[in-house]
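The values are calculated or read from the model by the stated rules, or taken from the named source; none is laboratory data. Computed from a prediction, not measured in an experiment: that's the story for all the values here. Note that each Cβ is placed from the backbone with ideal geometry, even for glycine, and that neighbours are counted across all protein chains shown. The accessibility values were calculated without ligands, DNA or RNA, using every heavy atom of the protein model including side chains. Shrake-Rupley method; radii C 1.70, N 1.55, O 1.52, S 1.80 Å.
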Amino acid sequence: MDKIKRRRLDILVLSDVHLGTFGCHAKELLHYLKTVKPKTVILNGDIIDIWQFSKRYWPKAHMKVIKYLMHWMSKGVKIYYITGNHDEMLRKFAGFKMGTLRIVNKVILDLEDGKKAWFFHGDVFDVTMQHSKWLAKLGAVGYDTLILINRFANFISEKIFKKGKLSLSKKIKNSVKSAVKFINSFEQTAADIAISNNYHYVVCGHIHQPEIRAIENEHGKTIYLNSGDWIENLTALEYVNNEWKIYKFDEAELLQMNTTAAEDEELDNSKLFDNMVEEFNLLRN
């Protein structure tokens, strides 16, 4: 952990990690977390995928991500866990506080440059979520299956045909006009509400589409941001020195991750859980 030089961040935003699913790139996320030192962390929904959670699938890397977040808590890092649709069960605990952790449905922060930033997951804009939750859950299972097929296709593409990676879900989304229209409508709706409330920034997740762009209407302008996901894009939002940037995990970091992974102490889930309980007790004291 100490061998990696950590970049200082004022705010780190992560969303749509989907821990507990086959598509989650937990190892890559854990490596990234070890390279940064944030003052504030915004977990902007769908961090743990409670919809698809199964006791039969919870790899060590997924547990390590949770443990590392708790490590940050023990160091005094402010963490806001904003509820999403895949972890909506946590909404009944909105307002819960433990140490530096807060479970909330939205966050409004006054940034150092005097600007206001509004953070929320974004599923409130999803018509499918509002009216056909069973259909949304069915779609989530289908998406996870597509990710598994995608990984197999990438193995063949890279190892046999010596070509680059593919993204089947991206190709499908980009080829379906209704999906593109939904994304554009989602971004515009979020921006319109932000403008009406005089928020300089609106920061969402949910649609797995990393983005930073200015959006205007007849009443004003705001900056719309989306942190993307850790299923396909492997992205996060970083705020430092009054500037927002999209971080994207790249191949060079993958090589570094493979080099340092062997040096990490390998613990089974039981031991990892015991360590987490110890840190939890320290936070309570």
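Quick one: count up the residues across segment 38-58 that are open to solvent by less than 40 Å² (accessible area, probe 1.4 Å), of a type outside the set (A, V, I, L, M) and under 13 Å from Gly20 (Cβ atoms).
3
Being open to solvent by less than 20 Å² (accessible area, probe 1.4 Å) and under 20 Å from Asn85 (Cα atoms) is the filter here; which residues of segment 104-128 pass it?
Hits for segment 104-128 are Val107, Phe119, Phe120, His121, Gly122, Asp123.
If a residue has to be over 15 Å from Pro38 (Cα atoms) and open to solvent by less than 60 Å² (accessible area, probe 1.4 Å) to count, how many in segment 215-250 make the cut?
The total comes to 18.
Which strands (runs of 3 or more DSSP E) sit wholly inside segment 1-103 and have at least 1 residues that are over 30 Å from Ala252 (Cα atoms) and at pLDDT 95 or above?
78-82
Give Ile47, Ile66 a once-over and let me know the one that is of a type in the set (Val, Ile, Thr) and over 21 Å from Gln209 (Cβ atoms).
Among Ile47, Ile66, only Ile66 is of a type in the set (Val, Ile, Thr) and over 21 Å from Gln209 (Cβ atoms).
Counting only residues that are in contact (Cβ under 8 Å) with a residue 40 or more places away in the chain, open to solvent by 10 Å² or more (accessible area, probe 1.4 Å) and in contact with a Leu (Cβ under 8 Å, 6 or more places away or on another chain), which one in segment 12-37 is farthest from Leu101 (Cα to Cα)?
Phe22
Restricted to segment 188-202, and to residues that are part of a helix (DSSP H, G or I) and surrounded by fewer than 22 Cβ atoms within 10 Å (Cβ to Cβ), which residue is farthest from the chain's Cα centre (by Cα)?
Looking at the filtered set, the residue picked out is Ser196.
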